[in-house]
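Worksheet: one structure, shown below.
The values are calculated or read from the model by the stated rules, or taken from the named source; none is laboratory data. If you're wondering where the values come from, they're calculated on a predicted model, not measured in any experiment. Because the Cβ atoms are built from the backbone with ideal geometry, glycine has one as well, and the counts that use them run over all protein chains shown. These accessible areas exclude ligands, DNA and RNA; they are computed on the full protein's heavy atoms, side chains included. Shrake-Rupley method; radii C 1.70, N 1.55, O 1.52, S 1.80 Å.
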Amino acid sequence: MVRVDIPEEDLQPAVLEQALVGRVAHVPASVALGLVARIDLPSVDRAALFEQTVASAAAEPNVRAAAVRMLMRTAGSAGVASFVRMLDAAEERIAAAAAAALGQVGTPDCLPALKRERQGGPLLQKRMAFARTLLAHRYGLVEEAVSLPAFELQAATRSIGTRGFESGRPGAERRQRALQGIKAEFPAFEPGEQHVFEIQCGPRLLAVAVDRRFTGAYGAEALLDKPALPAIVAYKDLEYDEYHPRLLALSRPHPEHGLEVVLTRLSGDPVYVARGRFEGERGELELASVQAPGVPPVSASLRLSPIEVAISGFSEGKATYTRSPQPM
Amino acid sequence: MPGISINIIRVGSEQFTPADEQTINTAIDFMRTTYATVGLSLRRVEHFAITTAQANGRDVIDDNGEAETLTDEWTVSNNAVDVFVVKTYVGSVAGLSPLGGPCDKNAKGMDGTVVELLGGLTGSILAHEVGHYLGLPHITGDSSNLMFPSVPNGGRLSTAQGNTIKSHCFIEP
């Protein structure tokens, strides 16, 4: 990892405001986005500055789309009205980023806006569909149609190079960092309501934050009754003690298997699927990975008790499905 | 002279302007010159494209996790380092790579480098991240070294660093 070092004299609102629209050669707009969110800037309304960047025709479309996500992190649910407006942005990337933000911080009141027919390419349609799905799971909306991309599972076999894993409890500091990382992306996330488990699988350390409301007898009943978001998985950064949420556990009752949990990326792409049954307050689920580029075959068992989610299994060492960019 | 090959993969390829192409070429030249100082040649440079539609929103990298996912999802099947060039990597981070990246690019974990296109800094970022992939850690005490954790830096490599790179499995004799 390498960082861009910005001279101290440029860390002031007037410079950063110009940098966001690409008018300061030595302060890239992408860096300015991070600085506005992170550093102490007294008397600056960060949310207003991000909103201004989204609206600015002078800023690069990519920067405007990134500003939508920074607005979501800064304003949280206070930005919902702006995100609804941004769904009509002429630039598809901006509208798609707004749809994703509504999925993460919006409320069921946003569903009509996310259902309205809109001009736009597949990225916008995909983000809108996943935002509706995410809202249905965050709020347990039984009547809301859930739409996830179709998937097929892949079987994992033990061979040379497979890696076993077993969940454990992290220390207080790692627990706190993982919860902070998730909270940054999901402002409504309640760190005090989570059990946290961690899994070391090869080079990756994963923190699984399980919402306490979905554990125990009452939790099992809730999971078998309606869609839910019972867990979020964060990966530890390769280099720093930071965590980024990477997988959302979307659960729903399943007529054949009892319960199905689809773990998706934040973009809505399914990565793992767990299926199984509850007996009283205890549940047992079997997890497998989806046939998707870069996702190695995984086989795992999840045993759920009132105070524990025990996850153990193995992962093959390499991905079976790959995707190649086009030669130029 | 031993050498290394790289794949330059433009993410959101139709967004790249002629000026961006010039920046990429200048960055490759910088890397070639820098690595030559420790007896390493830059051999094949192959060029690839991922369109904006194919990128599925990952043409804008919002955090390091997303950069990892990008390298997981796409792979060029050859014996060269995959370098994913993006126009926007939000925040002060401008590039990401595993330390001592794998030669089996389908292996679990991050298996390519991500580099933000940042004008005159792009060469330093490219050479730095490929350096990580080839096994070089950060050098925190010397801002003249390419592997100093931030850019701009002096862009130099030591003989010892050159020797470390030469032991990577991607090095061609």
task: Compute the projected area of the convex hull of the Cα atoms of the range B:1-113, averaged over all viewing directions, and report it in nm² to one decimal place.
output: 7.2
- prompt: Which whole number of Å³ per residue matches the convex hull of the alpha-carbon atoms in the range A:1-83?
  reply: 98
field: Residue order for A:Ser77, B:Ser77, A:Ser267 - accessible surface, 1.4 angstrom probe, largest first
entry: B:Ser77, A:Ser77, A:Ser267
- prompt: How far, in degrees from 0 to 90, does helix A:172-185 lean away from the longest principal axis of the Cα atoms of chain A, to the nearest 10?
  reply: 60
message: Bin width 10 Å, origin at 0, all Cα-Cα pairs of the range A:63-193: what percent of pairs per bin?
response: 12, 33, 27, 20, 7, 0
- line: Cα-based Rg and Dmax for the range B:81-173, in Å, come out at 12.9, 38
- request: May I have the pair-distance distribution P(r) for the range A:197-285, computed from all Cα-Cα distances with 10 Å bins from 0 and rounded to whole percent?
  value: 17, 46, 28, 9, 0
statement: Log entry, pair B-A: total buried accessible area, probe 1.4 Å, protein chains only, in Å² rounded to 100, is 4400
- prompt: For peptide B:50-63, how many partner chain Cβ atoms fall within 10 Å of a residue's Cβ, on average?
  reply: 6
- prompt: What's the average, rounded to a whole number, of partner chain beta-carbon atoms within 10 Å of each residue's beta-carbon in B:105-118?
  reply: 5
message: Nothing charged except the Cβ atoms of Lys and Arg (+1) and of Asp and Glu (-1): what's the magnitude of the dipole of the range A:198-264 about its Cα centre? Round to the nearest 20 debye.
response: 140
message: Rounded to whole Å, give me the distance from the Cα center of the range A:292-328 to that of the range A:138-194.
response: 12
- request: With a ≥ b ≥ c taken as the square roots of the eigenvalues of the C-alpha gyration tensor of the range A:44-98, please select rounded if a/c is under 1.5 and otherwise prolate if a/b is larger than b/c or oblate if it is not?
  value: oblate
query: Just the accessible area for A:Lys183, please: 1.4 Å probe, Å², rounded to the nearest 10?
result: 80
query: In terms of Cα to Cα distance under 12 Å, which aspartates and glutamates are near enough to B:Lys87, apart from those fewer than 8 places away along the same chain?
result: A:Glu60, B:Glu14, B:Asp20, B:Glu21, B:Asp59, B:Asp62, B:Glu116
query: Considering only protein heavy atoms, what is the solvent-accessible area of A:Arg175 at a probe of 1.4 Å, reported in Å² to the nearest 10?
result: 70
- prompt: Where does chain A land on the Kirkwood hydrodynamic radius, alpha-carbon pairs, in angstrom?
  reply: 21.2
field: Sum of side-chain charges, B:Asp20 neighbourhood, beta-carbon under 10 Å (Lys, Arg +1; Asp, Glu -1)
entry: +1
Kyte-Doolittle at least 1.0, axis length at least 24 Å by Cα - qualifying DSSP helices, chain B: none
- prompt: Of B:Ile8, A:Ile160, B:Ile139, A:Ile39, which has the most accessible area with a 1.4 Å probe, and how do the rest follow in descending order?
  reply: A:Ile160, B:Ile139, A:Ile39, B:Ile8
- line: Projecting the Cα atoms of A:Asn62, A:Gly120, A:Pro108 onto the charge dipole of the range A:24-124, where Lys and Arg contribute +1 and Asp and Glu -1 at Cβ, the residue farthest towards the positive end is A:Pro108
query: What is the log10 of I(q)/I(0) for the range A:175-328, computed with the Debye formula using one identical point scatterer on each Cα and no solvent, at q = 0.09 Å⁻¹?
result: -0.29
- line: Among A:Pro191, A:Val298, A:Ala131, the residue whose Cα sits farthest towards the positive end of the charge dipole of the protein assembly as shown (+1 at Cβ of Lys and Arg, -1 at Cβ of Asp and Glu, taken about the Cα centre) is A:Val298
task: Return the Cα extents of the range B:1-58 along principal axes one, two and three, sorted largest first, each rounded to a whole Å.
output: 40, 20, 15
- request: Report, in degrees rounded to the nearest 10, the 0 to 90 angle that the Cα long axis of helix A:61-75 makes with the longest principal axis of chain A.
  value: 70
- request: Assign one of three labels to the range A:247-320, namely rounded, prolate or oblate, based on the Cα gyration tensor with a ≥ b ≥ c the square roots of its eigenvalues; rounded applies when a/c is under 1.5, prolate when it is not and a/b is larger than b/c, and oblate otherwise.
  value: prolate
field: Number of partner chain Cβ atoms within 10 Å, mean per residue of A:288-301
entry: 2
Solvent-accessible area, 1.4 Å probe, carbon plus sulfur percent, for the protein assembly as shown: 52
- line: If every Lys and Arg gets +1 and every Asp and Glu gets -1 at its Cβ, then about the Cα centre the protein assembly as shown yields a dipole, in debye to the nearest 20, of 520
message: Quick check: the angle from helix A:46-55's long axis to the longest principal axis of chain A, C-alpha only, nearest 10 degrees?
response: 80
message: Suppose only helical runs count, i.e. DSSP H with n ≥ 4. What mean residue ellipticity at 222 nm does that imply for chain A under -39500 (n - 2.57) per run, divided by all residues and rounded to the nearest 500 deg cm²/dmol?
response: -10000 deg cm²/dmol
- prompt: Given the protein chains as shown and a 1.4 Å probe, how many square angstrom of A:Glu256 are accessible, to the nearest 10?
  reply: 120
query: Where Lys and Arg each count +1 and Asp and Glu each count -1, what net charge lies around A:Leu205 among other residues with Cβ under 15 Å from its Cβ?
result: +1
field: Given charges at Cβ of Lys, Arg, Asp, Glu: the range B:13-86 dipole, positive-most of B:Tyr35, B:Thr23, B:Val85
entry: B:Tyr35
task: Provide B:Thr52, B:Thr69 ordered by accessible surface of protein heavy atoms (probe 1.4 Å), highest first.
output: B:Thr52, B:Thr69
- prompt: Magnitude of the Cβ-charge dipole of the range A:1-98, K/R +1 and D/E -1, about the Cα centre, nearest 20 debye?
  reply: 300
Accessible area per residue, Å², the range A:1-113 with all protein chains present, probe 1.4 Å: 40
